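The values are calculated or read from the model by the stated rules, or taken from the named source; none is laboratory data. As the structure is a computational prediction, the values presented were derived from the model and not from experiment. Using ideal geometry, Cβ is built from the backbone for each residue, glycine included, and neighbour counts are taken over all protein chains shown. What goes into the accessible areas is simple: the full protein's heavy atoms, side chains included, and nothing from ligands, DNA or RNA. Shrake-Rupley method; radii C 1.70, N 1.55, O 1.52, S 1.80 Å.
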Amino acid sequence: MFKNKRAQEKFLSGFNVVVWLILAVVIIVGVSLFNNFSTDARISESRALNQKIIDCIIEDTGELIENFNETFSIYETCGIREDLFEKEFVLGARIELFSSEEEKPDITLHFGSTEMIFLCDLTGEAKPDNCFSEIAFVNDKKENRAYQIKVLTASNHNGKEITGSEEFREGGSR
Amino acid sequence: MKNKRGSEDVMLSSVIFIILNVVFLSVIALYITRAGNTASIFEETYAKQIALFIDGAKPGTRVELDVSEVFSIGRDLDFEPIIKINCEENQVITQFSKSGGYKFEYFSDLKKCESSLDKINEKLIINV
């Protein structure tokens, strides 16, 4: 296997240890990245939030809800918690209402982190992968017109690891 | 005589080299297997999945989730797993081993929130 003793000593000493160390570091980093990726729920949360907003502002008949205007709030109408948006800034949403003929939105509403929504507007590789956008077409029964609604949502929400078991044993129901 | 001794040295070095490589690869294989199956990964995954289910559920939904995998982990680690929905704090809390746990908040403001862990049938029952 070895051509001479000097070669075998080289193989069994420093060189081999270096190769093992490099392999170990690569594998540990790779496994850590894979585990982080496999438990990343931000895009799923963006999608769930987007769907919840669309279900809230569009009725089953395909019409826009009556109280959708510049003062509309997803916190009051859609049963969405305000603190994750306005205190922790880990979620963001933008709702735009377009008249069928116009390019500029008639109504634009922002909720939560505007920074995240700004990043979601970027294109190409700069666009983060935690954004979700959906376009829906609705009717306005009051004005008898068709509108386009664009809902953009983003999540940067991560959970927390906790130690100790006391708080697990308590809790309640509503 | 000299050649024989030399070849014995080479043989011994080769055997040591192979044994060390086998040991190294076994340690790496063990690490990879354990890294993908540690309780902390399952705690995080279950907490997030349950929270996402709650966020996607319409009011009046009742669901029974099969959590037998969690109980299997608990048996391996000699720990009774905990999956709890803290309705006051809007959190899903999971703990499958003695060392720590994981909590994840759902964004829905629930009017009704009930949950129980059926340890006999190994199911989590959620009413929202």
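Could you provide, to the nearest whole Å², the per residue accessible area of chain A with probe 1.4 Å?
61
Return the ratio Rg/(2.2 N^0.38 Å) for the stretch B:2-92, where Rg is computed over Cα atoms only.
2.05
Could you tally the net charge around residue A:161, taking each other residue with its Cβ under 10 Å from the Cβ of residue A:161, Lys/Arg +1 and Asp/Glu -1?
Charge balance in the 10 Å sphere: 0.
What is the distance, in nm, between label points placed 7 Å from the Cα along the Cα-to-Cβ direction at residue B:24 and at residue A:73?
In this crude spin-label approximation the distance works out to 6.3 nm.
Let me know the charge dipole size of the stretch A:30-135 about its Cα centre in debye, to the nearest 20, where only the beta-carbon of Lys, Arg (+1) and Asp, Glu (-1) is charged.
Dipole of the stretch A:30-135, to the nearest 20 debye: 540 debye.
Students often check this: by mean Cβ neighbours within 10 Å, which of A:78-84, A:33-39 ranks highest, and how do the rest follow?
A:78-84, A:33-39
Once you treat every alpha carbon in the protein assembly as shown as an equal point and sum by Debye, what is log10 I(q)/I(0) at q = 0.07 Å⁻¹?
-0.44
Once you have a ≥ b ≥ c as the square roots of the Cα gyration tensor eigenvalues for the stretch A:58-121, tell me rounded if a/c is under 1.5, and otherwise prolate or oblate according to whether a/b is larger than b/c.
Oblate is the answer for the stretch A:58-121, as a/c is 1.5 or above yet b/c matches or exceeds a/b.
Please list, in order along the stretch A:21-30, the HN-Hα scalar couplings obtained from phi with the Karplus expression 6.51 cos²θ - 1.76 cosθ + 1.60 (θ = phi - 60°), rounded to whole Hz, x for Gly and Pro.
Karplus values, whole Hz, x for Gly and Pro: 4, 4, 4, 4, 4, 4, 5, 4, 5, x.
Mind giving me the FRET efficiency for residue A:61 and residue B:114? R0 is 25 Å, r the Cβ-Cβ distance, nearest 0.05 is fine.
0.20
Taking 0.36 nm per residue of separation and subtracting the Cα-Cα distance, what length does fully extending residue A:114 through residue A:16 add?
Value of the extension gain: 30.1 nm.
Counting only protein heavy atoms and using a 1.4 Å probe, what share of the accessible area of the protein assembly as shown belongs to carbon plus sulfur, as a whole percent?
Exposed carbon and sulfur together represent 54 percent of the surface.
So who's got an amide H within less than 5 Å of the one on residue A:63, skipping anything under 5 residues away but keeping other chains? H placed 1.01 Å off N, in plane.
For residue A:63, whose amide H was placed from the backbone, the distant partners under 5 Å are A:139.
Return, for the Cα atoms of the stretch A:42-172, the radius of gyration and Dmax in Å, separated by a comma.
16.9, 59
Would you work out which of B:100, A:78, B:54 lies farthest towards the positive end of the dipole of the protein assembly as shown, given +1 charges on the beta-carbon of Lys and Arg and -1 on that of Asp and Glu, about the Cα centre?
So the residue we want is B:100.
Check cross-link reach from residue B:4 to the lysines: straight Cα distance under 23 Å, and skip same-chain residues fewer than eight apart.
Once the sequence-local lysines are set aside, what remains near residue B:4 is A:3, A:5, A:10.
Filter chain B for me: DSSP H helices, axial length by Cα at least 15 angstrom, mean Kyte-Doolittle hydropathy not below -1.0. List them by residue number.
Those that pass (Cα extent of 15 Å or more, hydropathy at least -1.0) are B:2-36, B:39-56.
With r defined as the distance between the Cβ atoms of residue A:32 and residue B:63 and R0 fixed at 45 Å, what FRET efficiency is calculated, to the nearest 0.05?
0.85
Short version: ³J(HN,Hα) in whole Hz for each residue of the stretch A:55-66, in order, from phi by Karplus 6.51 cos²θ - 1.76 cosθ + 1.60 (θ = phi - 60°), x for Gly and Pro, what are they?
Each residue of the stretch A:55-66 in turn: 4, 7, 8, 10, 6, 4, 7, x, 9, 6, 5, 5 Hz.
Report the charge-dipole magnitude of the protein assembly as shown in Debye, nearest 20, computed about the Cα centre from +1 at each Lys and Arg Cβ and -1 at each Asp and Glu Cβ.
The dipole magnitude comes to about 2320 debye.
Taking every residue in B:104-113, how many Cβ atoms of other protein chains lie within 10 Å of its Cβ, on average?
6
Give the residue from B:128, B:113, B:10 lying farthest towards the positive end of the charge dipole for chain B; charges sit on Cβ (+1 for Lys and Arg, -1 for Asp and Glu) and the dipole is referred to the Cα centre.
Of the options given, the answer is B:10.
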